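Beneath this line is the structure, given in structure tokens, with notes to follow.
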Amino acid sequence: MMRRNFGEDVPNFKELQKNVQLLLLNEHPIWANNRPVPPNIIFVGGIHQPKEQEFSKELKQILDSSINGVIYVSFGTSVKASVLPPERIEAMTKVLSHLPYDVLWKWDKDDIPGKGKNINLYKWFPQPSLLSKTSKLFITQGGLQSTDEAINAAVPLLGIPMLGDQWYNVEKYVHHKIGLQLDIYQLTEDNFRNAIERLLGDKSYKENIVKLRSLMREHPVAPLELAMWWIEHILKYGGSHLKSPATGMSLMEYYENHCY
């Protein structure tokens with residue numbers, strides 16, 4: 001694929017990997033367990049945070065008229081929510097339909113059987129703006145950007161991971177006491193309801209995520225400015241002075257070099 005797009009003289013992937021001059025990570029060191037990294041790896045967590053978007057007239061009316069606030073449900077763009085196990089969707093729908101909150105659910109079809117009048121389905125939401133409005137709880141698959149947007153809005157999280165790094169992120173919800181985790185295949189009406197009631201009833205989840213937001217947004221330099229500074233630095237000087245001597249080594253090669 002690389003040769004098709006960039007020509008036959010493109011080095012192979014292993015060679016390119018050894019030639020990385022700078023890596024910008026859209027993650028905060030706290031979320032990455034403060035792992036030690038070489039100086040050419042720069043954390044720029046929160047760089048993607050967009051400006052607030054306007055709501056549609058219909059959505060604005062729902063938000064403005066909500067008495068108790070909103071529970072927001074989204075399982076991201078990688079999973080079609082409608083193909084999840086129907087018995088789990090039914091359990092979630094029953095519980096959400098009987099809550100005294102308006103529910104906004106990102107859903108890829110026009111209806112969910114048995115949904116209550118308080119459940120509103122949309123195929124897309126301006127998520128960061130919605131989270132910062134009147135959201136009391138975010139029920140999510142646990143993607144990194146969704147997590148970052150929820151922390152930025154200080155909205156407690158109920159994570160139901162399904163793919164990739166989502167399990168890691170949702171485990172972090174529990175570790176930082178900003179949310180809870182449920183297994184989609186073990187989800188029942190009872191444990192789903194209990195998790196929601198616990199997150200909404202225990203103020204410590206909200207307090208903890210407000211504190212975490214403060215920690216993660218306390219930057220001496222804004223993430224975008226930091227990224228631009230480093231890009232300009234690499235363009236000016238190259239990146240060889242930042243590389244670790246262990247770049248490109250396997251673990252065996254690394255430890256062999258340190259044994260002699």
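We did not get these values from a lab; they are worked out from the coordinates using the rules stated. Computed from a prediction, not measured in an experiment: that's the story for all the values here. Cβ coordinates were reconstructed from backbone atoms using ideal geometry, including for glycine residues, and neighbour counts include every protein chain displayed.
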**Message:** Which order do the peptides 161-170, 47-56 come out in when sorted by mean C-beta neighbours inside 10 angstrom, highest first?
**Reply:** 161-170, 47-56
**Request:** Quick one: check the C-alpha center-to-center distance for region 111-147 versus region 232-254, whole angstrom.
**Result:** 42
**the chain - Debye-derived log10 I(q)/I(0), Cα point model, q = 0.08, 0.10, 0.13 Å⁻¹** = -0.42, -0.63, -0.92
**Complete:** Of the listed pairs 18/123; 51/123; 51/109, those with alpha carbons more than 30 Å apart are 18/123
**Message:** As an exercise, use a Förster radius of 51 Å and the Cβ-Cβ distance of residue 203 and residue 23 to find the FRET efficiency, rounded to the nearest 0.05.
**Reply:** 0.85
**Request:** Calculate the dipole size of the chain relative to its Cα centre from +1 charges on Lys and Arg beta carbons and -1 charges on Asp and Glu beta carbons; express the result in debye to the nearest 20.
**Result:** 340
**Message:** Distance between the C-alpha centers of region 188-223 and region 68-109? Whole Å please.
**Reply:** 19
